[in-house]
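See structure below.
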Amino acid sequence: MATTDHRGIITHVNDNFCQISKYSREELLGQDHRIINSGYNDKAFIRNLWRTIAKGGIWRGEMKNKAKDGVTYWVDTTIVPFVDENNKPYQYIAIRADITQKKRIEQELQKSEQFSRSVLNSLSAHIAVIDSGGNIVAVNSAWEEFGRHNGATAPTGNGHHYNYFDVCEKSYQLGDHTAGEVLKGIKSVLNKQTPHYYLEYPCESPNGPQWFAMLAREFYGEAAMVVIAHQDISQRKRAETELIRKNAELQKTNFELDRFVYSVSHDLRSPLTAVLGLVSFIEEETLEPDTLLHAQMIRARIARLDEFIKNILDYSRSSRMGIQTERIDLRQTIQAVVTALSGSKESDGIRFEVDVNQSQPFFSDRHSVTTLLENLLSNAIKFTDKNKDDAHITIIAHTYANQLELAIKDNGIGIAEESQGKIFDMFFRLSGAVPGSGLGLYIVKSIVEKIGGTIRVESQIGLGTTFII
């Protein structure tokens, strides 16, 4: 507490006043009151204060002062004027309470509130908080913006006098079943029957059809409230619709491709088999060397076309069929492929060796494994060096805890180093007299990658080639 005369000169202070201001009694007595008000720079505030007490009125409020050490502090102050018979103040009593700590807490709370508000307003989702009666108590900027752009269908400001439940109920009565679902879902969260409620729903707006996702979660506080977040998912829904359309087109294309593959398998290969039969009759019945030569040329061309058709069928099956994993007996599977290929005319004089060490069970797609073995062995047979006395092909297969290592070695003509990086490309063919479609190794690599493997080649001209899977 302190007193001043009508000019504002300090005439009395108590110990608490000195303690707050950090001045001694001797330093304050006789001084202008502004010695402690120098920390307050709001001149309009000071003028209003003096205007009030100069008329004999009591003033009360919060104000900043500056202590002797220059530190600013806040006080809750009441100033009471004493007036003479002419109603003019001749003395003032100031009663002050230090509220610096309180102001700091208020400022921190204000900063925290501003931070929370800034976070909410930075979100693209339309967010509102409703109480147990459905009244909207707070919304963010996105909610307000949506309301302005959609005929004020969403509440703005703090949502006073706007009841979310009433709006849902009215919409439901008008035939909007989605509104009924929303109302039921939000109440289930309020009643703690479920921790959250989620719904995607269409909405008509001046800008055309829109889609929104609504998420309602419990607001953790003393009162029962729910936080509602609406997110515009129109772009995602349009993308999903387009994806469904394209998927339907793709299914139609796949169906047509299936029919085409079936046609290739039956309508093209069957006539080729018949032509081969006629060629066999010609070869058996003619004794003319030129006719036999021509028949052999026809047979070679038909075999090449049949191989090309077979490769196309293999590629179609391997790229479109799913993987069916089953336990595979490697020795039996490899031996079956070797037996089938070793009986051909092209494999005459070639020795096949099979080395299988299946210490661990092997699981994979049987058709894929068989197809890649057929292609690699056919390729090795095709590129056999006819000038070597001991032409051979070796198949080595070892299983481990989590993988199979498969190697197919031959001592054929080999592949030039500059071509080894291209042999897995579609339609790439090695130069030379050996015919081929350029699809076999491309199909092999596609199959290997599909069943989760890798493939590489090691080769030297004149020494042979090894494919390692």
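The values are calculated or read from the model by the stated rules, or taken from the named source; none is laboratory data. These numbers were taken from a predicted model, which means no experiment stands behind them. Glycine gets a Cβ as well: all are built from the backbone with ideal geometry, and neighbour counts include every protein chain shown. The area values use the complete protein model at the heavy-atom level, side chains included, leaving out ligands, DNA and RNA. Shrake-Rupley method; radii C 1.70, N 1.55, O 1.52, S 1.80 Å.
Filter segment 340-373 for residues that are over 17 Å from T466 (Cβ atoms), in contact (Cβ under 8 Å) with a residue 60 or more places away in the chain and assigned to a helix (DSSP H, G or I) and give the result.
Result: S368, V369, T371.
Looking only at segment 172-206, how many residues end up being open to solvent by 90 Å² or more (accessible area, probe 1.4 Å), touching a residue at least 12 places away in the same chain (Cβ under 8 Å) and farther than 18 Å from I130 by Cβ?
Number satisfying all stated conditions: 1.
Given the condition under 21 Å from L341 (Cβ atoms) and in contact with a strand residue (DSSP E or B) (Cβ under 7 Å, 6 or more places away or on another chain), answer yes or no: does some residue in segment 435-448 qualify?
no
Is one or more of the residues making up segment 101-115 closer than 30 Å to H6 by Cβ, more than 36 Å from the chain's Cα centre (by Cα), open to solvent by less than 60 Å² (accessible area, probe 1.4 Å) and without any contact (Cβ under 8 Å) to a residue 60 or more places away in the chain?
no
So if I check each of R301, R245, R238, which one is open to solvent by 100 Å² or more (accessible area, probe 1.4 Å), closer than 30 Å to V139 by Cα and not small (G, A, S)? Give the steps one after another, and end with the answer.
On the way: R301 fails: closer than 30 Å to V139 by Cα; R245 fails: closer than 30 Å to V139 by Cα.
Going through R301, R245, R238 in turn, the sole match is R238.
Please state which one of S431, S378, S359 is buried (at least 19 other Cβ atoms within 10 Å of the Cβ), on the phi < 0 side of the Ramachandran plot and modelled with pLDDT under 95. I'd like the intermediate steps shown before the answer.
Numbers: S431 fails: buried (at least 19 other Cβ atoms within 10 Å of the Cβ); S359 fails: buried (at least 19 other Cβ atoms within 10 Å of the Cβ).
Being buried (at least 19 other Cβ atoms within 10 Å of the Cβ), on the phi < 0 side of the Ramachandran plot and modelled with pLDDT under 95 holds for just one of S431, S378, S359, which is S378.
Identify the single condition in (1) under 25 Å from V137 (Cβ atoms); (2) modelled with pLDDT under 85 that S188 does not satisfy, given that it satisfies every other one.
Unmet for S188, out of (1) under 25 Å from V137 (Cβ atoms); (2) modelled with pLDDT under 85: (2).
Taking the condition farther than 18 Å from I408 by Cβ, modelled with pLDDT of 90 or more and in contact with a strand residue (DSSP E or B) (Cβ under 8 Å, 6 or more places away or on another chain), does E353 pass?
On the way: farther than 18 Å from I408 by Cβ: no; modelled with pLDDT of 90 or more: yes; in contact with a strand residue (DSSP E or B) (Cβ under 8 Å, 6 or more places away or on another chain): yes.
No, not satisfied.
Using the structure shown, decide if D84 is over 45 Å from the mean Cα position of the chain (by Cα), over 22 Å from S21 (Cβ atoms) and either exposed (fewer than 13 other Cβ atoms within 10 Å of the Cβ) or at pLDDT 85 or above (or both).
yes
Out of the residues in segment 1-45 meeting the condition of being under 14 Å from K64 (Cβ atoms) and modelled with pLDDT of 85 or more, tell me which one is most open to solvent (accessible area, probe 1.4 Å).
I20
Conditions tested, residue by residue: (1) at pLDDT 80 or above; (2) aliphatic (A, V, I, L, M); (3) open to solvent by 80 Å² or more (accessible area, probe 1.4 Å).
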| site | (1), (2), (3) |
| --- | --- |
| R269 | no, no, no |
| L278 | yes, yes, yes |
| L287 | yes, yes, yes |
| K310 | no, no, no |
| G322 | no, no, no |
| G349 | yes, no, no |
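Within segment 186-202, is there a residue that is closer than 27 Å to R148 by Cβ, hydrophobic (A, V, I, L, M, F, W, C) and in contact with a Phe, Trp or Tyr (Cβ under 6 Å, 6 or more places away or on another chain)?
no
Out of segment 384-402, which residues are of a type in the set (S, T, Y) and either open to solvent by 60 Å² or more (accessible area, probe 1.4 Å) or within 15 Å of I469 (Cβ to Cβ) (or both)?
Scanning segment 384-402 gives T394, T399, Y400.
Conditions tested, residue by residue: (1) open to solvent by less than 50 Å² (accessible area, probe 1.4 Å); (2) at pLDDT 85 or above; (3) of a type in the set (A, V, I, L, M); (4) over 16 Å from I186 (Cα atoms).
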{"residue": "N121", "(1), (2), (3), (4)": "no, no, no, yes"}
{"residue": "V129", "(1), (2), (3), (4)": "yes, yes, yes, no"}
{"residue": "S141", "(1), (2), (3), (4)": "yes, no, no, yes"}
{"residue": "G159", "(1), (2), (3), (4)": "yes, no, no, yes"}
{"residue": "F165", "(1), (2), (3), (4)": "yes, yes, no, no"}
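Which one is nearest to I328 (Cα to Cα), of the residues in segment 451-467 that are open to solvent by less than 40 Å² (accessible area, probe 1.4 Å) and among the aliphatic types (A, V, I, L, M)?
I455
List pairs: first residue in segment 408-429 and within 20 Å of T394 (Cβ to Cβ), second residue of a type in the set (D, E, K, R) anywhere in the structure, Cβ distance under 7 angstrom, at least six positions apart or on different chains.
Matching pairs, first to second residue: N411/D385; N411/K388; G412/D385; I413/D385.
Taking the condition of being under 30 Å from Q358 (Cβ atoms) and open to solvent by 40 Å² or more (accessible area, probe 1.4 Å), how many residues in segment 403-419 meet it?
Qualifying residue count for the region: 3.
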